[in-house]
Amino acid sequence: MYRRFGQVDAAGTSPLYERVAVALSECEEVLRAIEAVPARKRHPTMILAALHDLALAGRAPALAAAYAAEDRDAAADAAIGTLLHMTDDVVAIAVRRTMRPDETGRHTVLYPAIAEAARRAGARAVGLIDVGRAAGLNLHVDRVGIEYSDGRSVGDPSSPVQMTSSVVGDRPVPTLVMPQVVARVSVDADPVDVTDAGDSRWLRACVWPDQPERAAALDAELALAAAVPPLPLRGAPVEVLPDAVACVPADALPVITTTWALSHFPLESRRRFLERLVEAAAGRPVAWVSAEGVGVAPTIPTLGDRRASGHSIIGIAVLDRAARHAEALGRCWSRGRLLSWLAKQ
């Protein structure tokens, strides 16, 4: 497993992890140490993240120095040494933590879709409820700046978090202004506290150490979120969703967002999720904005696209007592770095 991870998964993407993973695979003593970790937590990404966490915490200085210098051989030696001398610490981190490989916000997709949901509902204020992104970084979509390749921009141009997206197709991305956000609620089975140094460090540890641009982007978003931390609700989304909607003031539109989260739910849970939305809409208008693989989000049209076709559908559903309207607003690739808007403006 470790040899394949290094030679296949990390090859060409992370020279550091390519070398470290292969070195771990060749050390019998290291492999025996890894066996102290529960089987479901022995994947290379988890163990490497645990080692990275120790380095970031200043508890593995040799490893930290090797990573900072991007010295592959030194990193391999330091990783072996850290694993052998701090096995219990690595085990404790692996047991406690859940892998969070890509927690940065999906703002390029969400901003225009949330603004469109508010427009359709006639809402002057919204309460954002994000499902399945443990750190809730999607909840700060109104506080970032976004520039699309067609020259249009939305959001805050002075924000420390600036994002770009390439637009394909004939229709431009709409530049509606998002209404005031009066509530930010994160729903996850294991939420991350962005104000906790250990939790934030773990998110950073899940970024491979020779990917500084990703690390810098994550750090900027974490700092932005820590200044206005969301309300975290722990539990299964289908169970906690009513409580989350209740956290939104009565004069604001609850907007639930899911971005590549529902694919982790069993099919029955996805259906139950939709039922919960319908139940919430019995008492007030509710909107749901999604970016999910083709056919993953219940009721969102697939535009005739095939499942597992390499792109995702941007969906919107506005629900109230009288009606339920679901529409596909567009397609996107690479988590929103490439976007095709389809809805009429």
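Values quoted throughout were computed directly from the atomic coordinates according to the rules given, and no laboratory measurement underlies them. Treat the numbers as computed from the prediction; the structure is a model and nothing was measured. In this analysis, Cβ positions are derived from the backbone assuming ideal geometry, glycine residues included, and neighbour counts consider all displayed protein chains.
Pull up the DSSP beta bridges for the chain and report the antiparallel fraction as a percent, rounded to 5. Don't skip to the answer; put the middle values down first.
Values: 23 of 51 bridges.
Of those bridges, close to 45 percent are antiparallel.
Below 15 angstrom from the Cβ of Tyr2, what's the summed charge of the other residues (Lys, Arg +1; Asp, Glu -1)?
On the way: positive: Arg3, Arg4, Arg19, Arg32, Lys41, Arg42; negative: Asp9, Glu18, Glu26, Glu28, Glu29, Glu35.
After counting each charged neighbour, the total is 0.
Evaluated over the Cα positions of region 123-214, the convex hull gives a direction-averaged projected area, one quarter of its surface, of 8.0 nm².
Here the spin labels are modelled as points 7 Å beyond Cα on the Cα-Cβ line, and at Asp320 and Asp88 they lie 6.1 nm apart. For the chain, the Cβ-based charge dipole about the Cα centre amounts to some 1160 debye (Lys, Arg positive; Asp, Glu negative; other atoms uncharged).
Net charge in the neighbourhood of Gly155 (other residues with Cβ under 15 Å of its Cβ; Lys, Arg +1, Asp, Glu -1) is -2. Considering only alpha-carbon pairs that sit under 8 angstrom and 6 or more positions apart, the relative contact order computed for the chain is 17 percent.
With contributions of -39500 (n - 2.57) from each DSSP H run of at least four residues, the per-residue ellipticity at 222 nm computed over the chain stands at -11500 deg cm²/dmol.
The translational diffusion coefficient of the chain, from Stokes-Einstein at 20 °C and 1.002 mPa s with a Kirkwood hydrodynamic radius over alpha carbon pairs, comes to 101 µm²/s.
3J(HN,Hα) along region 175-185, derived from phi through the Karplus expression 6.51 cos²θ - 1.76 cosθ + 1.60 where θ = phi - 60°, amounts to 10, 4, 8, 6, x, 4, 9, 10, 8, 9, 10 Hz, with x in place of Gly and Pro. Couplings 3J(HN,Hα) for region 77-92, derived from phi with the Karplus relation 6.51 cos²θ - 1.76 cosθ + 1.60 (θ = phi - 60°), are 5, 5, 5, 4, x, 5, 5, 6, 8, 10, 4, 4, 5, 4, 4, 4 Hz, where x marks Gly and Pro.
Multiplying the residue separation of Leu267 and Arg42 by 0.36 nm and removing their Cα-Cα distance gives an extension gain of 78.3 nm. Measuring r between the beta carbons of Arg96 and Lys344 and using R0 = 35 Å, the FRET efficiency lands at 0.10.
What does the charge count near Ala75 come to, summing +1 for each Lys or Arg and -1 for each Asp or Glu among other residues with Cβ under 10 Å from its Cβ? Kindly include the intermediate steps, with their values, before the conclusion.
Numbers: positive: Arg19, Arg72; negative: Glu70, Asp71, Asp73, Asp77, Asp210.
Around Ala75, the charge tally is -3.
Per-residue Karplus couplings for region 17-34, computed as 6.51 cos²θ - 1.76 cosθ + 1.60 with θ equal to phi - 60°, are listed in order as 5, 4, 5, 5, 4, 5, 4, 4, 5, 9, 10, 4, 5, 5, 5, 5, 5, 5 Hz, Gly and Pro entered as x.
Could you compute the FRET efficiency for Asp251 and Arg32, with r as their C-beta to C-beta distance and R0 at 45 Å, rounded to 0.05? Please list the in-between numbers first.
Numbers: r = 61 Å, r/R0 = 1.35.
Given R0 = 45 Å and the Cβ-Cβ separation, E is 0.15.
Report, in whole Å, the centroid distance computed from the Cα atoms of region 180-204 and region 269-335. That distance is 24 Å.
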